[in-house]
Amino acid sequence: MVYSLAIQTKNKQEIIDITDKVQEAIKKSGIKQGTCIVFTPHTTAGILINECTDKNLHQDILNKLEQLIPTKSKYKHNCEDGGCNAHAHIKSSIIGASKIIFIENNKLLLGTWQRISYCEFDGPRQRKVHIKVLKD
């Protein structure tokens, strides 16, 4: 079964912790040992595993990505809705659209500081995240 989350982003670029929602899907699945796949079907978004206790880190990540891949640059891609969002596609390509996490005792097997986050690079938008829980 695939569990789906609806996410309404509020900013042009932001990082949102979704760990608890992913954990809820695992609990609903009843699977004690296995694998969890977290995937977003958007080409200008991503899934990240990193620390979430200090929100400054999210801003640091977004700032560094903006420095490396500026929103305004001479990109050739121009979307049909009136604005160039090539930067968002490139950031999504670097972060990736999915992550795989092991499940042990019906819980995500993450490190002490690790959390799962949804990354928005072309918002604000209504978005989706799909979660697939597989039994060993």
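Within the range 120-136, residues that are in a loop (DSSP other than H, G, I, E, B) and modelled with pLDDT under 95 reach partners that are among the polar types (S, T, N, Q) and surrounded by fewer than 21 Cβ atoms within 10 Å (Cβ to Cβ) with beta carbons closer than 7 Å, at six or more positions or on different chains, in the pairs D136/Q33. Residues that are closer than 13 Å to S117 by Cβ and either of a type in the set (V, I, T) or out of contact with any Cys (no Cβ under 7 Å at 6 or more places or on another chain) (or both) within the range 7-24 comprise I7, T9, Q13, E14, I15, I16, I18, T19, D20, K21, V22, listed in sequence order.
Contact map, the range 48-70: residues that are free of Cβ contacts under 8 Å to residues at least 40 places away in the same chain paired with residues that are surrounded by 11 or more Cβ atoms within 10 Å (Cβ to Cβ) and small (G, A, S), Cβ distance under 9 Å, separation 6+ or inter-chain. Pairs shown: I69/A86; I69/A88. Which one is nearest to C119 (Cα to Cα) among residues in the range 25-49 that are touching a strand residue (DSSP E or B) at 6+ places or on another chain (Cβ under 8 Å) and loosely packed, with under 14 Cβ neighbours inside 10 Å? Per the criteria, the residue is P41. What residue, among those in the range 22-46 that are basic (K, R) and in contact (Cβ under 8 Å) with a residue 40 or more places away in the chain, is nearest to C84 (Cα to Cα)? Checked the range 22-46; the qualifying residue nearest to C84 (Cα to Cα) is K27. Filter the range 107-136 down to the residues that are surrounded by fewer than 18 Cβ atoms within 10 Å (Cβ to Cβ) and touching a Ser or Thr at 6+ places or on another chain (Cβ under 7 Å), then identify the one that is farthest from H42 (Cα to Cα). Filtering the range 107-136 for residues that are surrounded by fewer than 18 Cβ atoms within 10 Å (Cβ to Cβ) and touching a Ser or Thr at 6+ places or on another chain (Cβ under 7 Å), the one farthest from H42 (Cα to Cα) comes out as W113.
The values are calculated or read from the model by the stated rules, or taken from the named source; none is laboratory data. These numbers come from a predicted model, not from an experiment. Cβ atoms come from the backbone with ideal geometry, glycine included; neighbour counts cover every protein chain shown.
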